[in-house]
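Report on one structure; see the data block that follows.
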Amino acid sequence: LEAQMPEIKESALEKKRVYRAVFGTSSYEEKRLSYAMSFLYQHLKNFLAYEAFRQDSHQMQLLTGKAFKKRGLYRQFESEMKSLEKSIGQTDFRNIDYHYDQFQLQYEKSDYLISQRRETPDTLLTALEELNTYFLANQFKLGTSIFLLQSLSTNEGQVGLVEEFLRLAEKGKYLQKPAVALYYYGYRALQSDEPGLYFDKLRELIRDQHHHFRLEEL
């Protein structure tokens, strides 16, 4: 509407004139117009949500596959999951979103194979590994954010259970995964009384692994 101003005069948008244009009757009903405006607003919100969702092709493929599976279209489901697995594998990113996508993919594959009595532990173990990676990376990311906010505030809240997850990351192979390693060393650099070593490692990882992350995340 703004783009059409001043060709469209403000008086043309008066409710009673809009009502006649929409419903083709001169018998004005405020409630009827209000309902129409409310329904239109809901459609606009749905459209904006869909537009945002459409930008995430992996989530769209995943839900398409789940819809196929729900309807018993197993050949189409297998094809969609195979395509999704290829698409995720070909991306350069190895950030938190990548591991979340991998977890969902492996979980859906496992759920399907179990229903078909074809499951082996490998798929479930892969799903669990991806979930752990996603979980740990988020723990360190949130822990880092808490430390940063605490430095700007007098509110000294507790970081929570991050210490236990530090030990888990250090014992396993998770520090080989860029999504975990960068936030781990960032958290350590903020937490430690001697942050130099951790910060140098963080800087080194950013230099070597930057292509695995989106610019806004770096």
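Residue pairs whose Cβ atoms lie under 6 Å apart, separated by 6 or more positions or on different chains, with the first residue in the range 18-34 and within 20 Å of residue 1 (Cα to Cα) and the second open to solvent by 60 Å² or more (accessible area, probe 1.4 Å) and among the aromatic types (Phe, Trp, Tyr), are 19/28. Among the residues of the range 93-108 satisfying the criterion of being among the aromatic types (Phe, Trp, Tyr) and touching a residue at least 40 places away in the same chain (Cβ under 8 Å), which is surrounded by the fewest Cβ atoms within 10 Å (Cβ to Cβ)? My answer is 93. Scan the range 145-162 and give yes if some residue there is farther than 22 Å from residue 181 by Cβ and outside any loop (DSSP other than H, G, I, E, B), otherwise no. Checked the range 145-162: at least one residue is farther than 22 Å from residue 181 by Cβ and outside any loop (DSSP other than H, G, I, E, B).
Scanning the range 178-197 for residues that are open to solvent by 50 Å² or more (accessible area, probe 1.4 Å) and either charged (D, E, K, R) or at pLDDT 95 or above (or both) yields a count of 2.
Among the residues of the range 109-123, those identified as part of a helix (DSSP H, G or I) and surrounded by fewer than 21 Cβ atoms within 10 Å (Cβ to Cβ) are 110, 111, 112, 113, 114, 115, 121, 122, 123. Could you list, in sequence order, the residues of the range 50-62 that are assigned to a helix (DSSP H, G or I) and open to solvent by less than 80 Å² (accessible area, probe 1.4 Å)? Residues satisfying the conditions are 51, 52, 53, 57, 58, 59, 60, 61, 62.
Name the single residue, out of those in the range 63-92 being touching a helix residue (DSSP H, G or I) at 6+ places or on another chain (Cβ under 6 Å) and in contact (Cβ under 8 Å) with a residue 40 or more places away in the chain, that is surrounded by the fewest Cβ atoms within 10 Å (Cβ to Cβ). Only one residue tops the list, namely 92.
Of everything in the range 1-49 that is among the hydroxyl-bearing types (Ser, Thr, Tyr) and at pLDDT below 85, the residue that is least open to solvent (accessible area, probe 1.4 Å) is 25.
The values are calculated or read from the model by the stated rules, or taken from the named source; none is laboratory data. From a predicted model like this one, the values you see are computed outputs, not experimental measurements. A quick note on method: Cβ atoms are made from the backbone with ideal geometry, for glycine too, and the neighbour counts reach across all protein chains shown. Ligands, DNA and RNA are stripped out before the accessible areas are found, and what is left, the full protein with its side chains, is counted by its heavy atoms. Shrake-Rupley method; radii C 1.70, N 1.55, O 1.52, S 1.80 Å.
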